[in-house]
Amino acid sequence: MTACAAAARANRKSEPRLVLIVGAAGQLGEVTAALFARRGPTRSLTRAELDLTNHGRVLEIVDDLRPSTIINCSGYNQVDAAEDEYIAAIEANAFVVRSLAKAANRVGAGLVHYSTDFVFDGDASTPYRETDRPNPRSVYAASKLMGEWFAADAPQHYVLRVESLFGGLTRRKGSLDRMIDAIQAGQPVRAFTDRVVSPSYVWDIAIATATLLARHAPAGLYHCVNSGSATWYAVAEEIQRQLQVEATLEPSTMQVAALKAARPRYCALANDKLSAAGYPMPTWQDALSRAIAARQPSGQDALTMADDCVTASLP
Ligand SMILES: NC(=O)c1ccc[n+]([C@@H]2O[C@H](COP(=O)([O-])OP(=O)(O)OC[C@H]3O[C@@H](n4cnc5c(N)ncnc54)[C@H](OP(=O)(O)O)[C@@H]3O)[C@@H](O)[C@H]2O)c1
């Protein structure tokens, strides 16, 4: 290290420590980066800036930046492709998290990591709690469960299980966003009647993350989904109702779709633990109305609303 770099690093030690967001170009990464940048010093890195499978580079960057918290928004999310590309899925969803936990421990940083409802088998009939036993049924699901275990190697960790993301900024769209697009465009929409989900608005996840950190909530595993649950078909009906347009909704089933990887049938998640820690998640219908409003040119700015929400949820 040159004298100049050493001096710069020494100076940085007296500055407030920043939040490092990795995987920052994804659906959740973009909004998390935007919200945290509004609230304090952050550094957001996309895959082009930091490929997290380069484990040595991860340690170097974290050692250099000395963040207070690392928020990992990266992931390999191609559920069907993972059945064949299992090495890539396990590397991205598990071993990347192991490096991040190791890097966090070296500088005394907290680690936020996002997992999934898919860790459950979907055989339940009441919402899953954090204490329920996972039973993954696909390569993707098993790789995400391994990621949860590795994240827990960081003493100050938050593993937040999210599900069916929607409402991101620009680049990526989830199934629910594509449903809104199709219904708005008057196209027919096919939706499962036999898969129950608790959709998660990315802005609400970012608010919950910021709130847990700001309140120094106990480390651990939290279900971080909007409140309530519905079949995908009922979600499509609610979109149609809120948009006030006539749409052709076609009921379908997972059996007919014959997807390569197994999906859990029933995946409502109970979020009471998150609520007790300081952030009661709004219902998915409320989140949907905000996501639809944010799409209008005259709609309220989602970032400003999210920032206000974090402030309001602090003691
Ligand atoms: N989407 C969902 O419905 C859902 C459901 C349950 C759980 N989750 C979890 O929630 C988190 C966020 O999901 P998301 O929907 O926002 O994902 P996303 O839109 O697919 O974004 C993931 C990001 O990770 C980046 N990435 C992948 N491999 C990387 C690597 N080796 N190094 C650095 N960056 C890498 C991707 O980079 P590129 O932009 O270059 O591809 C992408 O920007 C993930 O942990 C995911 O597993 C998501």
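The values are calculated or read from the model by the stated rules, or taken from the named source; none is laboratory data. Owing to the predicted nature of the structure, the values given are computational and were not obtained by experimental measurement. Because the Cβ atoms are built from the backbone with ideal geometry, glycine has one as well, and the counts that use them run over all protein chains shown.
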*In the range 59-80, how many are charged (D, E, K, R) and either in a strand (DSSP E or B) or within 15 Å of the ligand (Cβ to nearest atom) (or both)?*
2
*Identify all residues within the range 34-53 that are within 8 Å of the ligand (Cβ to nearest atom) and not charged (D, E, K, R); write none if there are none.*
Leu45, Thr46, Ala48, Leu50, Leu52, Thr53
*When residues of the range 87-139 are filtered for being more than 18 Å from the chain's Cα centre (by Cα), in contact (Cβ under 8 Å) with a residue 24 or more places away in the chain and closer than 27 Å to Asp194 by Cα, how many remain?*
10
*Scan the range 99-119 for residues that are surrounded by 18 or more Cβ atoms within 10 Å (Cβ to Cβ) and either away from the ligand (no atom under 12 Å from the Cβ) or among the small types (Gly, Ala, Ser) (or both) and jot them down.*
Ser99, Ala101, Ala103, Ala104, Ala109, Gly110, Leu111, Ser115
_If I go through the range 238-271 residue by residue, how many of them are assigned to a helix (DSSP H, G or I), in contact (Cβ under 8 Å) with a residue 40 or more places away in the chain and either surrounded by 16 or more Cβ atoms within 10 Å (Cβ to Cβ) or not polar (S, T, N, Q) (or both)?_
7
_Residues that are surrounded by fewer than 22 Cβ atoms within 10 Å (Cβ to Cβ), at pLDDT 95 or above and among the charged types (D, E, K, R): does the range 151-160 have at least one?_
yes
*Glu130, sole failed condition from (1) assigned to a helix (DSSP H, G or I); (2) under 15 Å from Ala219 (Cβ atoms); (3) not aromatic (Phe, Trp, Tyr)*: (1)
_Take Met281 and tell me if it is over 23 Å from the mean Cα position of the chain (by Cα) and crowded, with 17+ Cβ neighbours inside 10 Å._
no
*asked:* Test of understanding: among Leu176, Leu169, Leu160, Leu213, which residue is more than 21 Å from Ser125 (Cα to Cα), in contact with a Ser or Thr (Cβ under 8 Å, 6 or more places away or on another chain) and not in a helix (DSSP H, G or I)?
replied: Leu160
*asked:* Can you say whether Tyr140 is more than 10 Å from the ligand (Cβ to nearest atom), surrounded by 20 or more Cβ atoms within 10 Å (Cβ to Cβ) and aromatic (Phe, Trp, Tyr), as far as the supplied structure shows?
replied: no
*Tell me, yes or no, whether the range 81-89 has at least one residue that is within 10 Å of the ligand (Cβ to nearest atom), surrounded by fewer than 22 Cβ atoms within 10 Å (Cβ to Cβ), of a type outside the set (Ser, Thr, Tyr) and at pLDDT 95 or above.*
yes
*Name the residues in the range 270-304 that are modelled with pLDDT of 95 or more and in contact with a Lys or Arg (Cβ under 6 Å, 6 or more places away or on another chain), would you?*
Ala270
_Taking the conditions exactly as written (at pLDDT 95 or above, crowded, with 16+ Cβ neighbours inside 10 Å and basic (Lys, Arg)), does Arg57 satisfy them or not?_
no
_Subset of the range 37-68 (residues that are in contact with a helix residue (DSSP H, G or I) (Cβ under 6 Å, 6 or more places away or on another chain) and among the polar types (S, T, N, Q))_ = Thr42, Ser44, Thr53
*Here are some residues: Ala287, Ala206. Which one is aliphatic (A, V, I, L, M), part of a helix (DSSP H, G or I) and touching a Gly at 6+ places or on another chain (Cβ under 8 Å)?*
Ala287
*Do the conditions hold for Val31, that is, is it near the ligand (Cβ under 10 Å from one of its atoms) and closer than 22 Å to Tyr140 by Cβ?*
no
